[in-house]
Amino acid sequence: MLEPIKFEFQLNYSKKMLYNYIYTPEKMAKWFADYVQSIGSRYICFWNGYEETCFLIKKKKEKSVRYKWEKFEEKKYYFEFLIQEKLKKLYLIITDFVKKNEIEQSKLWWQNKIKILKKRTES
């Protein structure tokens, strides 16, 4: 059984810029995966020869994007990016579903992805 977990990262971007990085395949390929191809609401993500398909199931412009992995299509498991402003600072809140014994691994994976995002957007 998978459990929902949330991660929160403060980022120094505009809402518009951050939204593009969590929604457009070209920008997602800069940090989330090696390459992202979209066909309508279907997103195919590639990592070192491995590929996984997810579907865009919900979006609110410059606020949030929710995807569902194909392997969990019939279940209520998803991952979501939520852009939130708190005290004039912008945060990306990520919701994911993982097995209880994989929480730390997931935390490290998302921290690494955000580190890549920051590195790629600073240059």
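The values are calculated or read from the model by the stated rules, or taken from the named source; none is laboratory data. This structure is a prediction, so every number in the text was calculated from the model and none was measured. Note that each Cβ is placed from the backbone with ideal geometry, even for glycine, and that neighbours are counted across all protein chains shown.
Observations, loosely collected:
- Residues of segment 40-91 classified as farther than 25 Å from Glu8 by Cβ and more than 16 Å from the chain's Cα centre (by Cα), total: 7
- Of all residues in segment 28-54, those that are under 15 Å from Trp109 (Cβ atoms) and free of Cβ contacts under 8 Å to residues at least 24 places away in the same chain have Cβ atoms under 9 Å from Cβ atoms of residues that are part of a strand (DSSP E or B) and acidic (Asp, Glu), 6 or more apart or on another chain, in Ala33/Glu51; Ala33/Glu52; Cys45/Glu51; Cys45/Glu52.
- Test: residue in segment 39-52 that is of a type in the set (D, E, K, R), within 18 Å of Tyr78 (Cβ to Cβ), in contact with a Lys or Arg (Cβ under 8 Å, 6 or more places away or on another chain) and surrounded by 13 or more Cβ atoms within 10 Å (Cβ to Cβ): yes
- For segment 57-77, taking the residues that are touching a Phe, Trp or Tyr at 6+ places or on another chain (Cβ under 6 Å) and not β-branched (Val, Ile, Thr), the one that is modelled with the lowest pLDDT is identified as Tyr77.
- Answer residue from segment 62-90, given it is more than 15 Å from Cys45 (Cβ to Cβ) and of a type outside the set (D, E, K, R) and is surrounded by the fewest Cβ atoms within 10 Å (Cβ to Cβ) among those: Leu87
- Filtered residues of segment 1-23 (kept if part of a loop (DSSP other than H, G, I, E, B) and loosely packed, with under 14 Cβ neighbours inside 10 Å): Met1, Asn12, Ser14
- Search result, residues across segment 92-123 that are out of contact with any strand residue (DSSP E or B) (no Cβ under 9 Å at 6 or more places or on another chain), of a type in the set (A, V, I, L, M) and over 15 Å from Gln10 (Cα atoms): Leu108
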